[in-house]
Amino acid sequence: MVTTHNLGYPRFGKRRELKFALESYWQGQIPAEDLQRQAAALRLRHWEHQRGLDYVPVGDFSLYDHVLDMSFTLGHVPERVRALGGDALDAYFRAARGRAAQGPHEHAACCAGVAAAEMTKWFDTNYHYLVPEFHAHTRFELDASRLLGHLDEARRAGVRAKPVLLGPVSYLALGKSKDGSNRLDLLPRLLPVYAQWLQALAAQGASWVQIDEPILATELDMDWQQAFNLAYHALRVPGIRLMLTTYFGPLLDNRYLAARLPVDGLHVDLSRGMDDVAALLNLLPERRVLSLGVIDGRNVWKSDLCALLDWLEPLAERLGDRLWLAPSCSLLHVPMDLDGEEGIDPEIRGWLAFARQKLAELQLLGQALDQGREAVREALQANQAALASRRASPRVHKAEVRAALDGLRPEMGRRRSPHAQRAARQAESLALPPFPTTTIGSFPQTSHIRRARAEFKAGHLDAGAYHAAMRAEIEACVREQEALGLDVLVHGEAERNDMVEYFAEQLEGYALSRQGWVQSYGSRCVKPPILYGDIRRARPMTVEWIRYAASLTPRPVKGMLTGPVTMLNWSFVRDDQPRSVSCRQLALAIREEVLDLQAAGVRVIQIDEAALREGLPLRRSQWAAYLAWAVESFRLAANGVRDDTQIHTHMCYSEFNDILGPIADMDADVITIETSRSDMELLEAFDRFDYPNQIGPGVYDIHSPNIPTREHMAQLLRKAAQRIPAERLWVNPDCGLKTRQWAEVRPALANMVAAAQSLRGRRV
């Protein structure tokens, strides 16, 4: 009999119930007991969704982030958080966002928080995790109450539970040493705590434990390989069988290492590493379970079940009950349920599978392998019909888009003059002061904005009234920025629901869901659009709004666009052609918008590439190919403009130190990046790399409600000026302000402007 199991499930609920509970708790509107009660109800509901599987994951649920959960379970709480006291939930949210819940009598502008933990991308996904902070003196102490409590809930609900842990080697690899010490020196202190944890799970009746080691899909030097051997020889606990789980890429040169570790099962990601299997069959010990991630947990397309069965049936014959089936990775990265998505065209909807549908596919495969294909004949026929419909649909392929790609010329990706000449023209045209101030694009999405958008979409507000409401919001945003003294303004993006979805709504080749939410970080969810066909821009997308904002002020107003690489990486992308081809199609569409903005008199245009790094393959040996077409796509979108048109780009919450060369090759006039949470650590790379263009290192962490002081931001700018010539520095927040409140934004930006003004005319 084939065993079916899942690695993880979406946390937030189909209608983002956890998001709203969290935000109500943070604002002091509900007590902790209500938050925990709603979280428990979601866990129970999600376990019900997974009934029918042989094993259901427990411990994958989190109130904020599973890596932060691991830190607290291991007693690894930053001292600045621990020193404040309070209960465990307060400490947890202080580490996550710099502040715990808003007390009923606490002033809204109070900065009673601490520095939030650094946040960065979870491998090559758009999920952000909280980075563990290590020192030479770091100690660990087990607090298993969270997972043991969830396990008890699952048992009482009749769930056949498989506890989920982040493995010790990946935990160390995902953290940062804050004092230059070697993280691997902490492994001997960490392993006894993991062993104690496994013993506690065994005492509570757990049999199989899923232990995630995703860094096995990356290149490992000898020290990290040895760490795996040390760790798993130390974690043999009577009564516990370990399912070592890796995902997001193939094992490749780590196959022998993974196959020979003393664990009871090994899971591999077949959506990205099918070639691993033949080698593993010859390497795995005779009784070792092999779990195959046969359903893509990262994308939304239906699986070809017959093709999978053609491949799996011989394996099932060979492995028998040693064969387990699962999604490739946690389903955290896809929406929960396709049911109710009547807004998606029925033909396109027939091509899709969200989390619940993926688990149904998994169960069909298990049933077909156990009982024969005839037992699921009708379901297989329906699956094949959907795949055939997608392959034959005329809406997928457009001859004019293919012709435009065939007509690309090298000069279309180059500016007319080098940056030094362009910078002189732009300085003359824009007449900005030293340390010019700007923001990244979005301003708070107030309840009034969201209500107007919802009423417009529901048909309760006509187009004229909606446009009038958005114009009023844009004018208010421009006036706020003028009053704050910002130098380069934005229109605030009141009309935009999301930086990717807004453009996807207006581009041919995209479909949009209504409830296709995916967690990005904390309570922040995004709704990735579905790129199903060739991309074409039918009409201008932003020109009307930017032209209106520019008419309100003599100061320059940036045109705000999302770049082709970010559009690609933050969408569910078609899997029937190379991603590079889809990216170039997007680049041509964005290029048309750039040229229309310039024709409308817009002198500063920002093309955000927040997701450039997250598209990097996990192995460095494969980086060059990706970066070549990603940079080419940005340049195709950004160039063709005059020298006096200033092109900005923005990148956030990723490490950039090792790709500064390709970033420089993008040749944007100004790049803005995240640096405040890392205390300008990202700029250390500029000691070794002479970045030629202008740069805005973020000085205001917008992912925390804390309001930075003028002195703090001035200090960050002085640090930046030690590495970047002051005449090339801009002053800006880390990211857009959409998720913040005006009560936080006004004083923070006032302090930011004051910090810039305090440095003008001084030696820094």
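A quick yes/no check of all residues on (1) buried (at least 22 other Cβ atoms within 10 Å of the Cβ); (2) under 30 Å from Arg574 (Cα atoms); (3) free of Cβ contacts under 8 Å to residues at least 60 places away in the same chain:
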| site | (1), (2), (3) |
| --- | --- |
| His267 | yes, yes, no |
| Asp276 | yes, yes, yes |
| Leu283 | no, no, yes |
| Arg287 | no, no, yes |
| Val294 | yes, yes, no |
| Asn299 | no, yes, no |
| Asp304 | no, yes, no |
| Ala307 | no, yes, yes |
| Arg322 | no, no, yes |
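Would you confirm whether or not segment 708-727 contains a residue that is closer than 24 Å to Ala494 by Cβ and at pLDDT 90 or above?
no
Leu380: outside any helix (DSSP H, G or I) and either among the hydrophobic types (A, V, I, L, M, F, W, C) or modelled with pLDDT of 95 or more (or both), yes or no?
no
Here's a check for you: in segment 610-630, which residue that is within 24 Å of Met560 (Cα to Cα) and open to solvent by 30 Å² or more (accessible area, probe 1.4 Å) is modelled with the lowest pLDDT?
Filtering first and then ranking leaves Arg613.
Residues of segment 146-176 being open to solvent by 20 Å² or more (accessible area, probe 1.4 Å), small (Gly, Ala, Ser) and not in a helix (DSSP H, G or I), which ones?
Ala157, Gly158
Against the definition (in contact with a Phe, Trp or Tyr (Cβ under 9 Å, 6 or more places away or on another chain), under 28 Å from Ser523 (Cα atoms) and open to solvent by 30 Å² or more (accessible area, probe 1.4 Å)), how does Asn751 come out, yes or no?
yes
Filter segment 426-455 down to residues that are open to solvent by less than 40 Å² (accessible area, probe 1.4 Å), within 18 Å of Leu729 (Cα to Cα) and among the aliphatic types (A, V, I, L, M) and give me whichever is modelled with the highest pLDDT.
Only one residue fits best here, namely Leu430.
Could you give me the residue pairs with C-beta distances under 8 Å whose first residue belongs to segment 683-697 and is free of Cβ contacts under 8 Å to residues at least 40 places away in the same chain, whose second residue is part of a strand (DSSP E or B) and hydroxyl-bearing (Ser, Thr, Tyr) wherever it lies, and which are 6+ apart or on separate chains?
Close Cβ pairs (under 8 Å, with a partner that is part of a strand (DSSP E or B) and hydroxyl-bearing (Ser, Thr, Tyr)) amount to Ile695/Thr672; Pro697/Thr672.
If only one of Arg37, Arg94, Arg16, Arg45 is basic (Lys, Arg) and touching a residue at least 40 places away in the same chain (Cβ under 8 Å), which one is it?
None of the others qualify; the one that does is Arg16.
Check off (1) among the aliphatic types (A, V, I, L, M); (2) open to solvent by 50 Å² or more (accessible area, probe 1.4 Å); (3) under 24 Å from the mean Cα position of the chain (by Cα) for Met70 and give me the number that stays unchecked.
Exception for Met70: condition (2).
Exactly one of these conditions fails for Ile702: (1) assigned to a loop (DSSP other than H, G, I, E, B); (2) modelled with pLDDT of 90 or more; (3) open to solvent by less than 10 Å² (accessible area, probe 1.4 Å). Give me its number.
Ile702 satisfies all of (1) assigned to a loop (DSSP other than H, G, I, E, B); (2) modelled with pLDDT of 90 or more; (3) open to solvent by less than 10 Å² (accessible area, probe 1.4 Å) except (2).
Would you check which residues across segment 28-64 are open to solvent by 30 Å² or more (accessible area, probe 1.4 Å) and basic (Lys, Arg) and list them?
Those that are open to solvent by 30 Å² or more (accessible area, probe 1.4 Å) and basic (Lys, Arg): Arg37, Arg45, Arg51.
Tell me whether segment 573-580 contains one or more residues that are open to solvent by less than 10 Å² (accessible area, probe 1.4 Å) and under 22 Å from the mean Cα position of the chain (by Cα).
yes
Given the conditions (1) open to solvent by less than 40 Å² (accessible area, probe 1.4 Å); (2) under 30 Å from Pro733 (Cβ atoms); (3) under 32 Å from the mean Cα position of the chain (by Cα), which single one is not true for Ala423?
Every listed condition holds for Ala423 apart from (3).
When you check Ser429 against the structure, is it touching an Asp or Glu at 6+ places or on another chain (Cβ under 6 Å), among the polar types (S, T, N, Q) and not in a strand (DSSP E or B), yes or no?
Judged against the criteria, Ser429 is a match.
Wholly within segment 474-572, which helices (runs of 4 or more DSSP H) include no fewer than the required count, namely at least 2 residues that are at negative phi, more than 15 Å from the chain's Cα centre (by Cα) and of a type in the set (Val, Ile, Thr)?
Once the helices (runs of 4 or more DSSP H) in segment 474-572 are filtered for at least 2 residues that are at negative phi, more than 15 Å from the chain's Cα centre (by Cα) and of a type in the set (Val, Ile, Thr), what remains is 543-551.
Looking only at segment 656-672, how many residues end up being surrounded by 21 or more Cβ atoms within 10 Å (Cβ to Cβ) and free of Cβ contacts under 8 Å to residues at least 40 places away in the same chain?
Number satisfying all stated conditions: 1.
Whether any residue in segment 241-250 is surrounded by fewer than 19 Cβ atoms within 10 Å (Cβ to Cβ), in a strand (DSSP E or B) and modelled with pLDDT of 95 or more is what I want to check.
Yes, there is a match, as at least one residue in segment 241-250 is surrounded by fewer than 19 Cβ atoms within 10 Å (Cβ to Cβ), in a strand (DSSP E or B) and modelled with pLDDT of 95 or more.
State which residue is farthest from Arg11 (Cα to Cα) when the search covers only segment 511-549 and only residues that are open to solvent by 20 Å² or more (accessible area, probe 1.4 Å) and hydroxyl-bearing (Ser, Thr, Tyr).
Taking the candidates together, the pick is Tyr548.
Look through Arg11, Arg80, Arg94 and report the one residue that is within 22 Å of the chain's Cα centre (by Cα), closer than 25 Å to Arg189 by Cβ and either in a loop (DSSP other than H, G, I, E, B) or of a type outside the set (A, V, I, L, M, F, W, C) (or both).
Step by step, each of Arg11, Arg80, Arg94 is checked, and only Arg94 is within 22 Å of the chain's Cα centre (by Cα), closer than 25 Å to Arg189 by Cβ and either in a loop (DSSP other than H, G, I, E, B) or of a type outside the set (A, V, I, L, M, F, W, C) (or both).
With the requirement that a residue be among the acidic types (Asp, Glu) and in a helix (DSSP H, G or I), what does segment 177-198 give you?
Asp185
May I ask you to list pairs of residues, at least six apart or on different chains, whose Cβ atoms are under 7 Å apart, with the first in segment 459-472 being open to solvent by less than 50 Å² (accessible area, probe 1.4 Å) and the second being outside any helix (DSSP H, G or I) and of a type in the set (Gly, Ala, Ser)?
Met470/Ala494
Suppose we filter Ala754, Ala750, Ala743, Ala714 for residues that are in a helix (DSSP H, G or I) and either more than 16 Å from Glu480 (Cα to Cα) or among the polar types (S, T, N, Q) (or both); which single one remains?
From the options Ala754, Ala750, Ala743, Ala714, the qualifying one is Ala714.
I'm trying to understand the selection: among the residues of segment 618-655, which are part of a loop (DSSP other than H, G, I, E, B) and more than 26 Å from Leu430 (Cβ to Cβ)?
The answer is Leu618, Arg619, Tyr653, Ser654, Glu655.
In this structure, does Ala720 turn out to be open to solvent by less than 30 Å² (accessible area, probe 1.4 Å), part of a helix (DSSP H, G or I) and either of a type in the set (Gly, Ala, Ser) or closer than 30 Å to Arg416 by Cα (or both)?
yes
Tally up the residues in segment 353-384 that are open to solvent by less than 20 Å² (accessible area, probe 1.4 Å) and either out of contact with any helix residue (DSSP H, G or I) (no Cβ under 8 Å at 6 or more places or on another chain) or polar (S, T, N, Q) (or both), please.
Looking only at that region, the number is 4.
Look through segment 97-114, keep the residues that are open to solvent by 20 Å² or more (accessible area, probe 1.4 Å) and within 27 Å of the chain's Cα centre (by Cα), and return whichever of them is modelled with the highest pLDDT.
Top of the filtered list is Arg97.
Which ones in segment 199-230 are touching a residue at least 24 places away in the same chain (Cβ under 8 Å) and in a loop (DSSP other than H, G, I, E, B)?
Listed by number, the residues that qualify are Gln204, Gly205, Ala206, Ser207, Glu213, Thr218, Glu219, Leu220.
The values are calculated or read from the model by the stated rules, or taken from the named source; none is laboratory data. All of these numbers come straight from a predicted model, not from anything done at the bench. Reconstructed Cβ throughout: ideal geometry from the backbone, glycine too, with neighbour counts over all protein chains shown. Surface areas here come from the heavy atoms of the whole protein model, side chains and all, with no ligands, DNA or RNA. Shrake-Rupley method; radii C 1.70, N 1.55, O 1.52, S 1.80 Å.
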